[in-house]
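The values are calculated or read from the model by the stated rules, or taken from the named source; none is laboratory data. Only a predicted model underlies this, so the values are computations on that prediction, with no experimental measurement involved. Glycine also receives a Cβ, built like all others from the backbone with ideal geometry; neighbour counts cover every protein chain displayed.
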Amino acid sequence: MRNLSSGRYLFAAILTGGIFLLGLFLGLIVENYRLEYITKEDQFQKLDYNSAQLLYLYIDQLSQTNECSTIPNIYDLSLDHLEKTRLRLESYDEESKINQEEFEILRREYLQAQLRYWLLFQRIEKMCSLDVVTVLYFYSTDEACPDCADQAFILTYLKDLFQTKLMVFALDSNYEKEPLIPVLKKSFNITSYPAVVVGDRVYQGFTSRDELMFEICGGYEEKSEICEAEANAN
């Protein structure tokens, strides 16, 4: 009877050890695949950033030769590409537990790219006399800014509506490692989030679609069909 009982304990111990080793082995395999995926994703993010930089240099060259007719479409395409890549990077960065330092560097590079594009557009807008409205959007974390997701949704909707007639630059208000971020926040007196700057007008806290539509439409020299339709609807 004792031998039978001892055998059961031994079998249970072996079974438990086997399950543990199997779990450990599978965990190592999964972690290996995860590491490979992160490495590839990191490479793709760097390629995307390099593409954005090339587009920036090309637009900068066009602006110096007064090729105003071709700038808006190319600029809008590159800015859209930059923003989508930034969102993918932030989404992946939240899930990843590996290579955080490297992703932090990439994140800062993308923020710098956004700022460079915004500064470049200030020059292009004046040089080419473009009838375009620019928006600076300061966002924060979900915890600090529960309305930021809704605000981003509205801005995306308006961007899709106005296309190249509206330029939206999204800036992470928490990233004060980049010196220009606190400078801009102080310049526009940003104290709460979300914050939206349309031209020289600053909105703090959640801003509705109608409020933004009114401000954007007021920024155009020539009345757009979209704004006329909006006015007629109201």
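Taking the conditions exactly as written (of a type outside the set (Gly, Ala, Ser) and either in contact (Cβ under 8 Å) with a residue 60 or more places away in the chain or buried (at least 18 other Cβ atoms within 10 Å of the Cβ) (or both)), does residue 204 satisfy them or not? It would help to see each step written out before you state the result.
Working: of a type outside the set (Gly, Ala, Ser): yes; either in contact (Cβ under 8 Å) with a residue 60 or more places away in the chain or buried (at least 18 other Cβ atoms within 10 Å of the Cβ) (or both): no.
Taking the combined requirement at face value, the residue does not satisfy it.
Number of residues in region 153-169 that are more than 17 Å from residue 72 (Cα to Cα) and modelled with pLDDT under 90: the value is 0.
Contact map, region 169-193: first residue closer than 15 Å to residue 148 by Cβ, second residue part of a helix (DSSP H, G or I) and modelled with pLDDT of 90 or more, Cβ cut-off under 6 Å, separation 6 or more or different chains; pairs are 175/181. Scanning region 130-151 for residues that are aliphatic (A, V, I, L, M) and without any contact (Cβ under 8 Å) to a residue 24 or more places away in the chain turns up just one, 149.
Yes/no per residue for (1) outside any loop (DSSP other than H, G, I, E, B); (2) not assigned by TED's automatic domain parsing to the domain that holds residue 173:
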residue: 109; (1), (2): yes, yes
residue: 114; (1), (2): yes, yes
residue: 125; (1), (2): yes, yes
residue: 138; (1), (2): yes, no
residue: 141; (1), (2): no, no
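For residue 154, the conditions (1) under 22 Å from the mean Cα position of the chain (by Cα); (2) in a loop (DSSP other than H, G, I, E, B); (3) not aromatic (Phe, Trp, Tyr) are fulfilled apart from (2).
With a requirement of 2 or more residues that are of a type in the set (A, V, I, L, M, F, W, C) and over 22 Å from the mean Cα position of the chain (by Cα), the helices (runs of 4 or more DSSP H) lying completely within region 164-234 that satisfy it span 209-218, 225-233.
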